[in-house]
Amino acid sequence: MEKPNPKRKLPVFRAFIDEEFAEIDGEKIPTGLNAISFVDHPATDMMWMAFNDHKQMKFQVTDKEKKIVSGVAMAADMPIYRNENGFEFYVQFSKDDIFKIGKKFFKNNLINKVNLMHQDNAYQEGVYIIESIFVDSERGTSAPKQFGELSDGSWWVSFAVDNIDVWENKIKAGEVMGFSVEGIFKHAKIKEEQAQKLENLHDRIAKLRKELSKIVTTN
């Protein structure tokens, strides 16, 4: 997993979508989220939880094994380290931007666009979103408390995994541990005074990551 160079103060960019197209290699492409990837190192540094027994969640279950994974798809205002051809930087998504991204994702009916380790177009059949919560203090919406105190605007999701190969050989085997979104986003450099705030936030996130690391996948 890539890690930032501690000796360098890295620039921070806001990642967002809008109604305009992003130009990539001379081609105009609409901005937005294309897929959610199951990965070994989640972009949010937060591991998911896998539920395979009715004792894990307090609601009625008709199947012996639910095969559900739940976790944070996008954490609001979290600086995410990137290294593009040697250029190191952070990107972060705001509360409003995450909601716009998620809204467009559902509008385009992409709930089953799931791949493994960001493999291009290798979508996995039988894996799809069944729950979604945008953490919003104003609306009174929050993720289940076992996922800790998530920043306002974060996006929490649950996937049903009917694909036996993915469940047995990827999730239960521990090869994938969380979510990482992928798509086309525009970027705007955040002002220097805001960058310092994000660096301080990164320290708090590290503490949260340590707490969440205690959550392990239930076999």
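The values are calculated or read from the model by the stated rules, or taken from the named source; none is laboratory data. This structure is a prediction, so every number in the text was calculated from the model and none was measured. Here the Cβ positions follow ideal geometry from the backbone for every residue, glycine too, while neighbour counts run over all protein chains shown. Surface accessibility is based on the protein's heavy atoms, side chains included, excluding ligands, DNA and RNA. Shrake-Rupley method; radii C 1.70, N 1.55, O 1.52, S 1.80 Å.
Just checking, how many residues over region 72-117 are open to solvent by less than 40 Å² (accessible area, probe 1.4 Å) and polar (S, T, N, Q)? Give the derivation first.
From region 72-117, those open to solvent by less than 40 Å² (accessible area, probe 1.4 Å) are 72-76, 78-81, 88-94, 97-98, 101-102, 105, 110, 114-116; that's our starting set.
Add one more test, that the residue is polar (S, T, N, Q), and what stays is 92, 94, 115.
Residues flagged as open to solvent by less than 40 Å² (accessible area, probe 1.4 Å) and polar (S, T, N, Q) within region 72-117 amount to 3.
When the residues of region 1-41 are filtered to those that are modelled with pLDDT under 70 and aliphatic (A, V, I, L, M), the one that is surrounded by the most Cβ atoms within 10 Å (Cβ to Cβ) is Ala22. Among the residues of region 146-157, at least one is closer than 27 Å to Lys95 by Cβ and of a type in the set (A, V, I, L, M).
Suppose the filter is hydroxyl-bearing (Ser, Thr, Tyr), modelled with pLDDT under 95 and more than 18 Å from the chain's Cα centre (by Cα); does Thr44 pass it?
Numbers: hydroxyl-bearing (Ser, Thr, Tyr): yes; modelled with pLDDT under 95: yes; more than 18 Å from the chain's Cα centre (by Cα): no.
So Thr44 does not fit the description; no.
When you go through Ser151, Ser132 one by one, which is the residue that is at pLDDT 90 or above, within 23 Å of His202 (Cβ to Cβ) and open to solvent by 20 Å² or more (accessible area, probe 1.4 Å)? Steps first, answer last, please.
Details: Ser132 fails: within 23 Å of His202 (Cβ to Cβ).
Only one candidate qualifies: Ser151.
Among the residues of region 87-128, the one identified as aromatic (Phe, Trp, Tyr) and free of Cβ contacts under 8 Å to residues at least 12 places away in the same chain is Phe87. Scanning region 135-148 for residues that are more than 19 Å from Phe16 (Cα to Cα), touching a residue at least 12 places away in the same chain (Cβ under 8 Å) and buried (at least 16 other Cβ atoms within 10 Å of the Cβ) yields a total of 2.
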